[in-house]
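The following block contains the structure, expressed as structure tokens.
Nothing in this text is a laboratory measurement; each read-out follows from the coordinates by a stated rule. Keep in mind the model is a prediction, meaning the values are calculated, not measured. No Cβ is skipped: glycine too gets one built from the backbone with ideal geometry, and neighbour counts run over all protein chains shown.
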Amino acid sequence: MEWFEHAFNEDYDRIYMHTFTPERNTGEAQFIKSGLNLAKGSKVLDIACGHGRHALLLGADFKMTGVDLSERFIAMAQEAAKRLKSNARFEVGDMRRLKFKNEFDGAYCYFTSFGYFPHRENVTALNNVSKALRKGGRFLLETANRDWHLHRVEAQPRRWEEITPGYLYLEDASFNARTGRIHTRRIIIDGAERRELEFDYRLYSLAEIEDMIERAGMRIVSTFGGRDRLPFSISSPRMIIVSEKS
């Protein structure tokens, strides 16, 4: 079993869910909306949608479809859509095996959800995004800036954080320059219990991702170093690329 098939569990919720505040979710959803720059009622695909925190908000303007590998996250998103009376649609799906063809006006992949797979499969995922878009459709990709991230890892390869009293986690990260992948070992201390998870994903440079996107049949429209829309630089924590299907 691959790490991403079991990593998005209750521990993930306890570590990350408190950071997904309404203000953050709204700000990110508004940025996605402005970055895609699509007409109201457009069909939009949220790739690796998680529990639907963006798609549910964007459903007020777009016809949203969210796909994610996690059955648990999809069940959470579907329940939230039902509770909120949202028209957003959610289904279990793998970006390496998307079946959509010329169906969407826009798509996005947000919060470092790209790069989990071997390089060839990451390429396949981008090709599938391009196939899913109609001509002129836009794609917004948000992920970590490799240069900034590696500087942080070199400066602090190990870090502890206490989420709540008695619930702590240690992350020990290292970068493999040959494979371009960052490997992290996470140890969770939950009261008297101790759990471990190891995960790794490919970190790409801006030039590498832009080349992959262009080879998939999309042209680069704009790049940013964050949702503040500042120009991308080596010191930008994030990397955002907006492209358009040729």
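So, by mean Cβ neighbours within 10 angstrom, what's the order for 26-33, 43-50 with the highest one leading?
43-50, 26-33
In whole Hz, what ³J(HN,Hα) sequence does the stretch 144-158 give by Karplus (6.51, -1.76, 1.60; θ = phi - 60°), x for Gly and Pro?
6, 7, 4, 4, 5, 5, 5, 4, 5, 5, 5, 6, 8, x, 10
I've got another one for you. Taking θ as phi - 60°, what are the ³J(HN,Hα) couplings along the stretch 90-103 by the Karplus curve (6.51, -1.76, 1.60), each to the nearest whole Hz, with x for Gly and Pro?
Each residue of the stretch 90-103 in turn: 10, 8, 5, x, 10, 4, 6, 9, 5, 9, 5, 9, 6, 10 Hz.
With +1 on each Lys and Arg Cβ and -1 on each Asp and Glu Cβ, how big is the dipole of the chain about its Cα centre, in debye rounded to the nearest 20?
Dipole magnitude for the chain comes out near 1020 debye.
Go ahead and set up a Gaussian network model of the chain, Cα springs under 10 Å, then flag whichever of ASN87, ASN122, ASN37 fluctuates most.
Residue with maximal mean-square fluctuation among ASN87, ASN122, ASN37: ASN37.
Sticking with this structure for a sec: How would VAL67, VAL153 line up from fewest to most surrounding beta-carbon atoms within 10 angstrom?
Fewest-to-most Cβ neighbours within 10 Å comes out as VAL153, VAL67.
Given a Förster radius of 30 Å and the C-beta distance between SER246 and ASP94 as r, what FRET efficiency does 1/(1 + (r/R0)^6) yield to the nearest 0.05?
0.75
How far, in nm, would the chain grow between ALA39 and ARG120 when pulled straight, counting 0.36 nm per residue and subtracting the alpha carbon separation?
25.8 nm
A further question follows. Hey, if you put +1 on the Cβ of every Lys and Arg and -1 on every Asp and Glu Cβ in the chain, which of ILE32, VAL67, SER130 ends up farthest toward the positive end of that dipole?
Result: SER130.
Shifting gears a bit: Between PRO231, PRO22, PRO118, which gets the highest mean-square fluctuation from a Gaussian network model of the chain, Cα cutoff 10 Å?
Looking only at PRO231, PRO22, PRO118, the largest GNM fluctuation is found for PRO22.
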